[in-house]
1. Select, from Pro74, Pro46, the only residue that is under 19 Å from Pro266 (Cα atoms), within 16 Å of ligand 3 (Cβ to nearest atom) and in contact (Cβ under 8 Å) with a residue 60 or more places away in the chain.
2. Among Arg245, Arg171, which is the only one that is away from ligand 2 (no atom under 16 Å from the Cβ) and more than 16 Å from Ile116 (Cα to Cα)?
3. What helices (runs of 4 or more DSSP H) lie completely within segment 40-130 and have 2 or more residues being at pLDDT 95 or above?
4. Sort out which residues of segment 235-262 are touching a strand residue (DSSP E or B) at 6+ places or on another chain (Cβ under 6 Å) and small (Gly, Ala, Ser), and write them in order of number.
5. Show the residue pairs meeting these rules: Cβ distance below 8 Å; 6+ apart or different chains; first residue within segment 186-203 and farther than 16 Å from Ala222 by Cα; second residue within 16 Å of ligand 2 (Cβ to nearest atom) and open to solvent by 70 Å² or more (accessible area, probe 1.4 Å).
6. Is there a residue being open to solvent by less than 50 Å² (accessible area, probe 1.4 Å), more than 15 Å from ligand 1 (Cβ to nearest atom) and under 17 Å from the mean Cα position of the chain (by Cα) anywhere in segment 136-146?
7. State which residue is farthest from ligand 4 (Cβ to nearest atom) when the search covers only segment 237-254 and only residues that are of a type in the set (A, V, I, L, M, F, W, C) and closer than 13 Å to Arg204 by Cα.
8. For a quick check of your reading of the model, give me the residue pairs whose first member lies in segment 255-281 and is within 13 Å of Leu61 (Cβ to Cβ) and among the aliphatic types (A, V, I, L, M), whose second is open to solvent by 20 Å² or more (accessible area, probe 1.4 Å) and outside any strand (DSSP E or B), with beta-carbon atoms closer than 8 Å and at least 6 apart or on different chains.
Amino acid sequence: AAKEQGRNQHRVFDVRSHVSRKKKLQVVEQISAALEQQQFELFLQPRINLRENKVEGFEALIRWNHPERGLVGPFEFLPYIEYTEYAADISRFVMADAIGKLQSWQAEGQNYSLSINLSPSHFLSERFSQDLKDALADCDKSLCSRLTLELLETTALDDASIVIKRLKTCRALGVDLSLDDFGTGYSSLDYFRRLPVQEIKIDRSFVTDMLNDPDDEKVVGAIIALSQNFHRRVVAEGIEDEATRDRLLEMGCYLAQGFYFTRPLPSAEALAWADAFHRGG
Ligand code: C2E
Ligand code: MG
Ligand code: MG
Ligand code: MG
């Protein structure tokens, strides 16, 4: 079913053998030119505080404005460059662009937070810490704390000593950490509680259909309880209707993203969307 596909989709990021050689070569050949020509853009999806009915920040989701193919989504190119040197190149672009957005919001007196998605191979590599330090070089403490780095739960399950070391470096730099697509990996509770992350994002494959699937709702409830017991923020992604929003609020999950509110939008449109949302529009 579509749900199972959703659950499996992120694994493409981790399993090198899933990507066809030919397609991979085609994509890889185009990436550096695309970076030079600034064809990548961060779309933003608002994150809503359900209790306050407020946009508290955004998640940055990369898009490729391809000259022939039009707007290309991340699943059509990121899996092909993961484990190549381009994963780090894209990742540095994402960090720099996100920090630029936070700086310009700060200059305008907006204190929105911004979440970015980490490339698994870049995060695990030696150069990651230095790249993050360089990207944050001109940032004050309050700006650093508005940047959240989302790490896939499945990436957190790689070499534990490396993962924990990297996460601690990020914390020392003052950025916030989130475990993305939670529920799709095989974290032990003992490992989970040792991870220095401030937030968990419930994978949308459990959220979207939870009102029709009692098992999904139980998983969502269990993750909310886990986050409360261990004092982590919890965010639900994939809210597609009002009833699911209402149910999450009842269950104690106060942060949410999803098509019910809006799809990811180009930056200026996302900010305008937030303004309209706050005016009650
Ligand atoms: P993610 O981080 O879990 O992001 C959520 C994905 O779910 C996004 O897909 C978003 O558009 C989609 N989504 C949000 N709300 C809904 C909803 O209500 N219903 C449905 N069906 N989908 C919803 P997108 O933008 O295609 O990104 C897919 C994945 O690609 C992301 O999953 C993330 O793992 C990865 N990704 C995106 N941008 C970046 C990036 O800049 N760097 C890296 N390394 N990975 C990225
Ligand atoms: Mg994410
Ligand atoms: Mg996610
Ligand atoms: Mg995902």
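The values are calculated or read from the model by the stated rules, or taken from the named source; none is laboratory data. Remember, it's a predicted structure, so these values are computed and weren't measured experimentally. When we count neighbours, we look across all protein chains shown, and the Cβ atoms used for this are built from the backbone with ideal geometry, even at glycine. Please note that ligands, DNA and RNA were not included when accessible areas were found on the heavy atoms of the full protein model with its side chains. Shrake-Rupley method; radii C 1.70, N 1.55, O 1.52, S 1.80 Å.
1. On the way: Pro74 fails: in contact (Cβ under 8 Å) with a residue 60 or more places away in the chain.
Every option except Pro46 fails the conditions.
2. Arg245
3. Values: elements: 78-81, 85-107, 120-124.
Correct list: 85-107, 120-124.
4. Ala236, Ala256
5. Short answer, once both residue conditions are applied: Gln198/Arg233.
6. Yes, the conditions are met somewhere in segment 136-146.
7. Quick first cut of segment 237-254, residues of a type in the set (A, V, I, L, M, F, W, C) only: 239, 243, 248-249, 251, 253.
Still in the running and closer than 13 Å to Arg204 by Cα: 239, 248.
Working: Ile239: 14, Leu248: 17 Å.
Within segment 237-254, the match that is farthest from ligand 4 (Cβ to nearest atom) is Leu248.
8. Leu265/Trp273; Ala270/Pro264
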